[in-house]
Amino acid sequence: MSFVIGTAGHIDHGKSTLITALTGIDPDRLAEEKRRGMTIDLGFAHLRLPSGLEVGIVDVPGHARFIRNMLAGTHGLDAVMLVIAADEGVMPQTREHLEIIDLLDVRRGVVVLSKVDLVDAEWLELVTSEVKAVLKTTSLDGAPLIPFSAVTGQGKPELVATLDELLEGAASRPDLDRPRLPIDRVFTMSGFGTVVTGTLVDGALNVGDELEIVPAGRPARVRGLQQHNRSVETASPGSRVAANLAGVEKDQLARGDVLARPKTLGSTRRVDATVRVLESAPQPLAHGVELLLHTGTSEVGCRVMVLDGDAIAPGRQGWVQLYLERPIAAAAQDRFILRIPSPSATIAGGRFVDVQPRKHARHDSVVRETWRP
Ligand SMILES: Nc1nc2c(ncn2[C@@H]2O[C@H](COP(=O)(O)OP(=O)(O)OP(=O)(O)O)[C@@H](O)[C@H]2O)c(=O)[nH]1
Ligand SMILES: [Mg+2]
């Protein structure tokens, strides 16, 4: 059994430093990241917890400009570590990442109050109550808060024990015998060729599997598999996977593509979905608006058709049909986020209900009647 934990939180609050403190692995691998001292793209590490459980860790950037990378790293998470610097407290991307976690319905999480070496007890108390209040209306309400310092090591044993407790009751990801690997990284390794990485869901992958790249429809064969830097014959759902592929070049693949068994995963340009608009949304979700849709590791422009009314107000839920700019791999029940491209803001999120729907007329009563819970 293996699980995937992600980080979340505002820029410079200590996410990557925390991962290094926990695992000994620096998740910032790009030269530009090292030079600028900030995360730009996703980083990966792994950890064996005291229980023996192996977890993959995904580190995300906090900078608002790289939110699309954060979104690609936040699919398939079993738990999240929301990192909030004790000296700064709740900041804009603390809130935005928390909203995304909430919309994606990640329910297991821990808040790491980092940099506690920089504050006194009185200040820590103030920040703690601020954080508890902000969590209240989200899926992380009541999550444990752990004061932590990468400088003194304070909080590290408690955090590791808490991660074990969070995952103790977690069921492993379902094996639907329909493996999907939404790709988050593509690179070449000399002597091996094309390698892709991702968080595997819905089924296992085996060395030798003949797969299809969706939506392009191109075939690829699994030449080798790695989990946590070890070669394996089979990778199980719910784990971080690196797959060495034969029959496909690096430039024929990109983040957002999905590896699946041939003809098991459709691609689509139209989806029916249920959405919830954020209380903090800068505008209602209006009929006809053009937004960015993020699901799995993919990002695509879309036009929103509101099916019950002209707009869905902040804080409300409703039904929509989304028209996508280009086909993406999608399955019913997949979660997604909708963002306003400019000025960039998260507005809503939800779940696909039907990924091969017919075109609906406005105010289509059939939709409402068949979908109302
Ligand atoms: N004093 C102190 N400094 C810390 C601690 N953790 C991180 N820092 C410092 O805070 C700065 C930012 O840390 P990072 O780990 O890069 O922060 P981040 O959240 O990964 O930032 P982004 O990836 O850009 O969002 C670095 O200079 C760290 O050395 C801590 O516990 N105590
Ligand atoms: Mg970082």
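General observations
- Qualifying residue in the stretch 22-33 (condition: aliphatic (A, V, I, L, M), farther than 30 Å from Ser129 by Cα and free of Cβ contacts under 8 Å to residues at least 12 places away in the same chain): yes
- Filter result for Ser172 (over 14 Å from Arg107 (Cβ atoms), open to solvent by 40 Å² or more (accessible area, probe 1.4 Å) and at pLDDT 95 or above): no
- The residue that is nearest to Thr74 (Cα to Cα), counting only those in the stretch 19-34 that are at pLDDT 95 or above, in contact with a Phe, Trp or Tyr (Cβ under 9 Å, 6 or more places away or on another chain) and more than 9 Å from ligand 2 (Cβ to nearest atom), is Ile25.
- Annotation note: of Gly52, Gly37, Gly43, the sole residue that is within 9 Å of ligand 2 (Cβ to nearest atom) and at pLDDT below 95 is Gly37.
- Criterion (surrounded by fewer than 22 Cβ atoms within 10 Å (Cβ to Cβ) and either over 29 Å from Leu293 (Cβ atoms) or not hydrophobic (A, V, I, L, M, F, W, C) (or both)) met by exactly one of Pro92, Pro61: Pro92
- Of all residues making up the stretch 22-38, the number that are surrounded by 12 or more Cβ atoms within 10 Å (Cβ to Cβ) and either under 14 Å from Gly62 (Cα atoms) or touching a Ser or Thr at 6+ places or on another chain (Cβ under 8 Å) (or both): 6
- Which numbered condition Pro327 misses (of (1) free of Cβ contacts under 8 Å to residues at least 40 places away in the same chain; (2) assigned to a strand (DSSP E or B); (3) within 30 Å of Phe192 (Cβ to Cβ)): (1)
- Any hit, the stretch 347-357, residues being closer than 20 Å to Thr74 by Cα, in a loop (DSSP other than H, G, I, E, B) and at pLDDT 95 or above: no
- Residues (surrounded by fewer than 24 Cβ atoms within 10 Å (Cβ to Cβ) and under 17 Å from Val127 (Cβ atoms)) located in the stretch 95-104: Arg95
- Residues in the stretch 216-226 that are in contact with a Gly (Cβ under 9 Å, 6 or more places away or on another chain) and more than 9 Å from Ala243 (Cα to Cα): Arg218, Pro219, Ala220, Arg221.
- Matching residues, the stretch 252-308, being touching a residue at least 60 places away in the same chain (Cβ under 8 Å) and among the acidic types (Asp, Glu): Asp257, Asp272, Glu279, Glu299, Asp308
- Cross-chain or 6+ apart pairs with Cβ under 8 Å, the stretch 133-159 first and within 16 Å of ligand 2 (Cβ to nearest atom), then assigned to a strand (DSSP E or B): Phe148/Val112; Phe148/Leu113; Phe148/Ser114; Ala150/Ser114
- Any chance Leu98 is closer than 21 Å to Gly169 by Cβ and more than 10 Å from ligand 2 (Cβ to nearest atom): no
- So Ser129, is it open to solvent by less than 80 Å² (accessible area, probe 1.4 Å), hydroxyl-bearing (Ser, Thr, Tyr) and either touching a residue at least 40 places away in the same chain (Cβ under 8 Å) or closer than 16 Å to Leu166 by Cβ (or both): no
- Residue in the stretch 71-87 that is surrounded by fewer than 18 Cβ atoms within 10 Å (Cβ to Cβ) and more than 30 Å from Arg316 (Cβ to Cβ) present: yes
Listed here are the residues, each with its yes/no results for (1) modelled with pLDDT of 95 or more; (2) hydrophobic (A, V, I, L, M, F, W, C).
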site	(1), (2)
Leu211	yes, yes
Pro219	yes, no
Val222	yes, yes
His228	no, no
Gly247	no, no
Arg261	yes, no
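The values are calculated or read from the model by the stated rules, or taken from the named source; none is laboratory data. Since this is a predicted model, take the numbers as computed values, not measurements. Note that we place each Cβ from the backbone using ideal geometry, even for glycine, and neighbour counts take in every protein chain shown. Side chains are part of the model used for accessible areas, which takes the heavy atoms of the whole protein and leaves out ligands, DNA and RNA. Shrake-Rupley method; radii C 1.70, N 1.55, O 1.52, S 1.80 Å.
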